[in-house]
Amino acid sequence: MKRNEALPLGDVLRTVLRVQGLESPLNEMHLVAAWPEVVGSLVMRYTSNVFIKNQTLHVQLTSAVLRQELSMGRTLLVRRLNEKAGAQVITDIMFH
């Protein structure tokens, strides 16, 4: 029996996740988990809910002033969160 070329385990796992349709939900979970790390503990005090729907991150905030401040830095936040997740997971952020 001839032995095939060995593949790294990480590549095999990524392929299995992609085939099973689990790669996107896993990336979304990583991105939501990265929200506190990217924005910091001060913003987390005013964050009540974070979820992703249709490649848009929805963030519920209890401070209107903070909502306005974060809206101005939306594109930077999108870029930093996608970098943290390691994939293009979201395209926009909506603050509620």
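The values are calculated or read from the model by the stated rules, or taken from the named source; none is laboratory data. Nothing here was measured: the structure is a model prediction, and the numbers come from that model. As a convention, Cβ positions derive from the backbone with ideal geometry for all residues, glycine included, and neighbour counts pool all protein chains shown. The area values use the complete protein model at the heavy-atom level, side chains included, leaving out ligands, DNA and RNA. Shrake-Rupley method; radii C 1.70, N 1.55, O 1.52, S 1.80 Å.
Miscellaneous remarks
- Within the chain, percent of DSSP bridges classed antiparallel, to nearest 5: 60 percent
- Legend: calculated FRET efficiency, M29 to S71, from the Cβ-Cβ distance at R0 = 22 Å, rounded to 0.05, equals 0.35.
- As a fraction of the 1.4 Å probe accessible area of the chain, surface on carbon and sulfur atoms comes out at 55 percent.
- Taken over the stretch 54-96, the ratio of Cα radius of gyration to 2.2 N^0.38 Å equals 1.14.
- Solvent-accessible heavy-atom area per residue, rounded to whole Å², over the chain at 1.4 Å: 72 Å²
- Once both labels are positioned 7 Å from their Cα atoms along Cα-to-Cβ, the gap between N54 and E5 label points is 4.2 nm.
- Of the options (i) 16, 56, 27, 1; (ii) 15, 42, 22, 12, 6, 3, 1; (iii) 15, 38, 34, 12, 1, only one is P(r) over Cα pairs in 10 Å bins from 0, in percent as computed from these coordinates, and that is (ii).
- The chain, relative contact order in percent, only Cα pairs under 8 angstrom and at least six apart counted: 29 percent
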